[in-house]
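The values are calculated or read from the model by the stated rules, or taken from the named source; none is laboratory data. Quantities reported herein were computed from a predicted structural model and do not represent experimental measurements. Positions of Cβ are generated from backbone atoms using ideal geometry, with glycine treated the same way; all protein chains shown enter the neighbour counts. Note: areas computed on protein heavy atoms with side chains; ligands, DNA, RNA excluded. Shrake-Rupley method; radii C 1.70, N 1.55, O 1.52, S 1.80 Å.
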Amino acid sequence: MAVVWTLAAAATLVKLLFIPGYRSTDFEVHRNWLAITHSLPMRKWYTEDTSEWTLDYPPFFAAFEFLLSCVAQFFDAQMLIVNNLKYASERTILFQRLSVIFTDFVYFYAVNEFYKNRLLFAGKNLRRMDSQPAIIPALLIFNVGLFIVDHIHFQYNGILFGILLLSLVRITQNRVLEGAFWFAVLLNMKHIYMYVAPAYFVYLLRSYCFTGTGPVLWRKFSIGRFASLGAVVGAVFVMSFGPFIYFQQIGQVLSRLFPFKRGLLHAYWAPNFWALYAVCDKVLTVSAVRLGLVGADRVASAAMTGGMVQEYSFVVLPDVPPIVTMMVTVIAMMPSLYSLWVSKDKVSFVRSVVLCAYTSFLFGWHVHEKAVLLMIIPMTLLVIYDQHYAKMYLILCVTGFYSLFPLLFTPFENVLKVLMLLQSAIFAFLALNSVHSPTPAKFSRAALNRLFKPLSCLQLPFLNVPESLYVLGLVPLGVGNSAGLWLLGADRRLPFLPLLTTSVYCSLGVLYSWLLLYRAALADIRAVSVVSGQGEARGQRVKDGVQGKKQL
């Protein structure tokens, strides 16, 4: 326990240094929400639109903002006036920064709960998990993404991921109803966690509502357990949305939570499949214009590379409506959910949570770049379990953290983000290498090993040479996006180019690590099928033997 709280104290001291630093428009977003929830009655929370930053999080987060506002009034009551747009006094900045730091203790508590139950995630490395217990807590507490997004850019993800981790730990402890309660609370604080809800639904249905072992039979279905689970989750949603149902505002609330008019891509493209799709359309468009197949007037109306949050049309490739992204996401999730159904063990549950987050991030509608943390943080729990998970984590975390770099663009933060990523990556590679001691990764084909042998000096632990080159390629990408564009005088002419190249390059790493993790899930399906087949064969032989003895 002392390990976690020592790390938490060190991280908190570092966060205090960021108080006077750069902050994004999200700072004003949350100040406005403090003002709305404090100054207006509840029935006006989701109709107030004085500011462009209207309240668009679920009711429990609005209640969270209200609780914060009760303390904020003692720092500077002026921040709680709705019409005080862009108000940012020194006391306001101090309060909002400290509120994020203080609420991070929910995250620290959840990490500590994981630490006390860490052997559930150790796999074949029980001794090493016990002899090096600080690795996963250090990776979680000093998560670079949370430092960038929460304590510089400004958001409240720490408390949310704390609730997610607490829910995961409680379920792995077989405290299922408690875990379901916390996840329901989380959904009513930030609805992006719907990304991982399918994994929760499948696991709780299969492992909690169906009792016993062996094949799934309806006679094993526990109506009592299903009812208790439904009652816990339903009660949370009633508490959250009940007042707005009473106010007859549920439609207004839902329209704020699910604004499909925002367009397929966020202003800053998340590194996902649709970023690659948009770039393909751009390349095809430029080629078509040069060949005279598309008029220049059509290109002018396509604002996909302008970085705007709006609806727009692709020029060459088909437009993608929300229903298509939903269908693709659901279809891509199905194999991982089936793997969870047949495996139904705790590690498969966490892996399925990660896969659902991955799939929603890659194929979802209007995905924010910050959602990459929804894969990285739960994936951290598996890095000791098996070296293959460690490899996927390393590719994902380095790529994912780098993809957040465009959020920070001031000179001091440019240096800071590079230093934070370097120390995080070096620690992760060295720490996990000490746990797993992997042999240098090689290809199954000797010809490929000979081809890349001259570059073996660049090979990183866990990764083969091409994977290592990809990760190391982030260095020239960063140099080119900053100094390169400035030297060429293109930084003003092409302001969106660094965002585009970062999103596209990181999309490849995220997509590749998703495929690696999916391969592990599919391998589990095959392993379970083989074991089941062998069990059925043994059962049949025993049955045949008994029948033979009876005939004798």
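Using the Kyte-Doolittle scale, which helices in the chain average at least 0.0 and also have C-alpha atoms spread 18 Å or more along the helix axis, with helices defined as whole DSSP H runs?
Answer set is 2-16, 59-72, 90-116, 157-172, 223-246, 273-290, 322-343, 346-363, 387-403, 411-436, 497-551.
What FRET efficiency comes out for the pair Leu455/Thr501, r = Cβ-Cβ distance, R0 = 25 Å, nearest 0.05?
That pair, Leu455 with Thr501, gives E of 0.60.
Ranked highest first by average number of other Cβ atoms within 10 Å, how do 350-359, 203-212 line up?
Result, highest mean first: 350-359, 203-212.
If we sort 6-18, 51-63, 269-281, 219-231 on the protection proxy, mean other Cβ atoms within 10 Å, highest first, what's the order?
269-281, 51-63, 6-18, 219-231
Using a 1.4 angstrom probe on the protein heavy atoms only, line up Phe260, Phe409 by accessible area, largest first.
Largest to smallest exposure gives the sequence Phe409, Phe260.
Can you give me the accessible area per residue for region 1-140, using a 1.4 Å probe, in Å²?
46
Could you rank the peptides 92-99, 397-404, 366-373, 424-431 by their average count of other C-beta atoms within 10 Å per residue, with the highest value first?
Going from most to least packed, we get 397-404, 366-373, 92-99, 424-431.
In whole percent, how big is the carbon plus sulfur part of the accessible area of region 342-483, probe 1.4 Å, protein atoms only?
Summing carbon and sulfur atoms, their accessible area is 69 percent of the total for region 342-483.
Accessible area per residue for region 336-393 in Å², computed with a 1.4 Å probe and the full protein assembly in place, what is it?
Value returned for region 336-393: 19 Å² of accessible area per residue.
My understanding is that a pair violates if its Cα-Cα distance is over 21 Å; which of Lys44/Lys261; Lys220/Lys344; Lys86/Lys370; Lys116/Lys346 do that in this structure?
Lys44/Lys261; Lys86/Lys370
What is the set of long-range amide H partners of Val367 at a cut-off below 5 Å, with H atoms built 1.01 Å from backbone N?
Sorted by chain and number, the residues that satisfy this are His266.
What percentage of the solvent-accessible surface of region 36-119, computed with a 1.4 Å probe over protein heavy atoms, is contributed by carbon and sulfur atoms?
60
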